[in-house]
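Enquirer: Have a look at this one before I ask anything.
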Amino acid sequence: MQNNIDIPDELIKILRGAERVAVLTGAGISAESGVPTFRDAQTGLWAQYRPEQLATPQAFQRDPRLVWEWYTWRRNLVSAAKPNPGHRSIVIMEKRVPKFTLITQNVDGLHQRAGSQVVVELHGNIERNKCSREGIIRTPDAKDKGIPPRCPACGSYLRPDVVWFGESLPEQALERAWRASGNCQVFFSIGTSAVVQPAATLPLIAQEAGAIVVEINPGETPLSRQVDHHIDGPSGLVLPEMVTQTWPES
Ligand code: BJW
């Protein structure tokens, strides 16, 4: 089938010879798996819910039950979702590029379920829980039917292991992301609105250090005008096309 996606020849050539590639993904890569994005008009989560009522530590303090139930709804959505061709193409890139770093803002675990071996999770993972007091990863007791359940070690509420607004990102993940961005030859920004800090700075670090920066997104973002290539289209179509043209034998 003919599609209208144009992958620049120059990019294919560079990618074939590249030793170090970094990829940053956002909610858009999981959109074709049926996981809602945050900021898309109509379908994005923030079109329906207010972030400050659900995705901040203050929201959890104010109404832990509401926040926990919202995450339970999203956990069910994510666990029913399946990786799409965009996620799978990144698995092929990981196999082809000697030093490949996948950095994701997503908390849905779909990269891992597609088969990506190493994933730097900047905003945590919705499947895990941690103690809201100590920040240690904990699993609730099977008998605990509380909403939210309690930390089995100290009795405080458990919360999802995700990064809310105003919270720091996991230090090691952020450091790995800085390093890979400042040390790659090609940097991809895929399916992200490129507005949430500090992730939004990573493509700029890469560009500053001399990397070719490529954005894959069906919409425009604040980054679009600065990148070397903006490829307009859904990642579930663009990435398989790019991978097939770059490594036809894969
Ligand atoms: C497709 C597609 C398809 C559709 N194919 N594409 C400096 C300046 C100003 C503010 C700050 C700053 N530094 C820090 C801040 C504050 C804040 C921030 O950035 N605010 C801005 C919004 C202004 N940052 C923080 O608080 C961070 N913490 C921090 O920096 O700590 C230190 C500090 C704190 C306070 C002050 C100063 C320093 C933490 C950020 C945590 C973000 N958390 C969330 C929720 C995670 C948990 C959960 O899932 O519930 O993370 S918010 C949400 O946004 C989620 C995402 O990971 C993140 C990014 O969203 P993403 O992935 O880009 O999704 P969308 O929906 O925005 O975009 C989707 C894109 O896909 C669109 O472009 C579509 O076009 C596209 N698309 N279909 C490809 N098929």
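Enquirer: Can you tell me which residue among Leu77, Leu102, Leu66 is out of contact with any Pro (no Cβ under 8 Å at 6 or more places or on another chain) and closer than 23 Å to Leu158 by Cα?
Expert: Testing whether each residue is out of contact with any Pro (no Cβ under 8 Å at 6 or more places or on another chain) and closer than 23 Å to Leu158 by Cα leaves just Leu66.
Enquirer: Further, regarding this structure: Determine which member of the set Asp141, Asp108 is part of a loop (DSSP other than H, G, I, E, B) and free of Cβ contacts under 8 Å to residues at least 12 places away in the same chain.
Expert: Of Asp141, Asp108, the one residue that is part of a loop (DSSP other than H, G, I, E, B) and free of Cβ contacts under 8 Å to residues at least 12 places away in the same chain is Asp141.
Enquirer: For the stretch 149-166, name all the residues that are under 24 Å from Val118 (Cα atoms) and either outside any strand (DSSP E or B) or not β-branched (Val, Ile, Thr) (or both).
Expert: Residues satisfying the conditions are Pro160, Asp161, Val163, Trp164.
Enquirer: Look through Pro148, Pro203, Pro160, Pro98 and report the one residue that is near the ligand (Cβ under 10 Å from one of its atoms) and either in contact (Cβ under 8 Å) with a residue 60 or more places away in the chain or of a type in the set (Lys, Arg) (or both).
Expert: Going through Pro148, Pro203, Pro160, Pro98 in turn, the sole match is Pro160.
Enquirer: Now a separate question. List the pairs whose first member sits in the stretch 112-129 and is part of a helix (DSSP H, G or I), whose second member is within 16 Å of the ligand (Cβ to nearest atom), and whose Cβ atoms are under 7 Å apart, counting only residues at least 6 apart or on separate chains?
Expert: Note: pairs meeting the criteria are Gln112/Val119; Arg113/Pro83; Ala114/Pro83; Ala114/His87; Ala114/Arg88.
Yes/no per residue for (1) in a loop (DSSP other than H, G, I, E, B); (2) surrounded by fewer than 16 Cβ atoms within 10 Å (Cβ to Cβ); (3) within 12 Å of the ligand (Cβ to nearest atom); (4) touching a residue at least 40 places away in the same chain (Cβ under 8 Å):
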{"site": "Val21", "(1), (2), (3), (4)": "no, no, no, yes"}
{"site": "Ser30", "(1), (2), (3), (4)": "no, no, yes, yes"}
{"site": "Thr43", "(1), (2), (3), (4)": "yes, yes, yes, no"}
{"site": "Trp73", "(1), (2), (3), (4)": "no, yes, yes, no"}
{"site": "Arg88", "(1), (2), (3), (4)": "no, no, no, yes"}
{"site": "Leu102", "(1), (2), (3), (4)": "no, no, no, yes"}
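Bear in mind these aren't lab numbers, they're just calculated from the coordinates by the rules spelled out. Note that the coordinates shown come from a computational prediction; the quantities given were computed from them, not determined experimentally. Ideal geometry is used to build each Cβ from the backbone, glycine not excepted, and the neighbour counts take in all protein chains shown.
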